[in-house]
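Note sheet for the following structure.
The values are calculated or read from the model by the stated rules, or taken from the named source; none is laboratory data. Bear in mind that the values here come from a model prediction, so they are computed numbers and not experimental data. Positions of Cβ are generated from backbone atoms using ideal geometry, with glycine treated the same way; all protein chains shown enter the neighbour counts.
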Amino acid sequence: MIIEKRSITTADGVRLNVLEAGRGKPLVLIPGWSQTAAQFRRQLEGLSDRYRVIAIDMRGHGDSDKPAHGYRIQRLAQDVRQALIAMDLQDVTILGHSMGCSVLWCYFDLFGAERVSKFVFCDEPPMLTSDPTWSAQQAEDAGAIFTPEAVTQTMNALAGPDGVATTTGFVGGMVTSKMPAETLQWMIAENLKLPRAHAATLLYNHCHQDWRDVFARIDVPSLFIGGRVSLVPWKSVAWAASQVKGARLEIFEEAEGGQHFMFEENPAKFNRILAEFIG
């Protein structure tokens, strides 16, 4: 299996790095905040015998260009659309992990299911930042992991002199105790390819998006994946799935690597679920 590296250029002149392997039905993978296409290596390796697997570095991330502008969910959704058009992809199963889900929810909000036949949403709450006026049920459904104050504090920490340390602690809280130390260090290094000032700008925008009104309108087959001990509350993933007609829900248990990076910690199960869903 050979992973090929290529690039596409967005309408505003930003080169996006793309990793690709295999032939067949297209499976497109959108990483999360500060994550990279390379972090889907287990899917590129494990599913390319059946599918054309494509992972995209968002602007600023991984090996893509790092412009001074565009670090908003709406711009990233435009970038995804332009990438699908540039690669002439149709009938796509598209997966978003973490913030990648928000990018896809925004994509659907803007463009519907254009070029997409199936969605996979992996471990993202409907709303990242809490509202003190919410009822207990609303708070559980939204799954917020930040208060408004914590968003600002985290953004300033990322953009300041402690940006690397803040990132290290943040990513370290997204894996189970079984994650090999060398793999975790590699993941942190991948995260740091996004300049910390841009990471802060994007996180602030990302944390202030509320996607709860989008789910009921999604009209193509959808799969939601969560982790029982993830920093993303699994009940919020289950709630989102319950709002999409006919959606399938998979929760990875703690012993199955059921934290934020279950696709790295348990690629065998993750890839099997994906293949069953894609068909």
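Some points to look at:
- The set of residues from region 234-279 being polar (S, T, N, Q) and assigned to a loop (DSSP other than H, G, I, E, B) comprises Gln259, Asn266.
- Flag for Gln90 being farther than 27 Å from Ser7 by Cα and surrounded by fewer than 18 Cβ atoms within 10 Å (Cβ to Cβ): no
- Only a single item in (1) under 15 Å from the mean Cα position of the chain (by Cα); (2) buried (at least 21 other Cβ atoms within 10 Å of the Cβ); (3) more than 24 Å from Leu158 (Cβ to Cβ) is not met by Arg41, and it is number (2).
- Complete set of residues in region 105-163 that are in contact with a His (Cβ under 7 Å, 6 or more places away or on another chain) and either closer than 16 Å to Val244 by Cα or of a type in the set (Gly, Ala, Ser) (or both): Cys122, Asp123
- Among the residues of region 65-107, those identified as in a strand (DSSP E or B) and either out of contact with any strand residue (DSSP E or B) (no Cβ under 8 Å at 6 or more places or on another chain) or among the β-branched types (Val, Ile, Thr) (or both) are Val92, Thr93, Ile94.
- Residue-level analysis places Thr154 among those that are free of Cβ contacts under 8 Å to residues at least 60 places away in the same chain and touching a Leu at 6+ places or on another chain (Cβ under 8 Å).
- Leading residue by the ranking (farthest from Ile188 (Cα to Cα)) among those in region 1-59 that are among the hydroxyl-bearing types (Ser, Thr, Tyr) and in contact with a Gly (Cβ under 6 Å, 6 or more places away or on another chain): Tyr51
- Filter result for the condition that a residue is of a type in the set (A, V, I, L, M, F, W, C), buried (at least 22 other Cβ atoms within 10 Å of the Cβ), at pLDDT 95 or above and part of a loop (DSSP other than H, G, I, E, B), over Leu194, Leu202, Leu231, Leu223: Leu194
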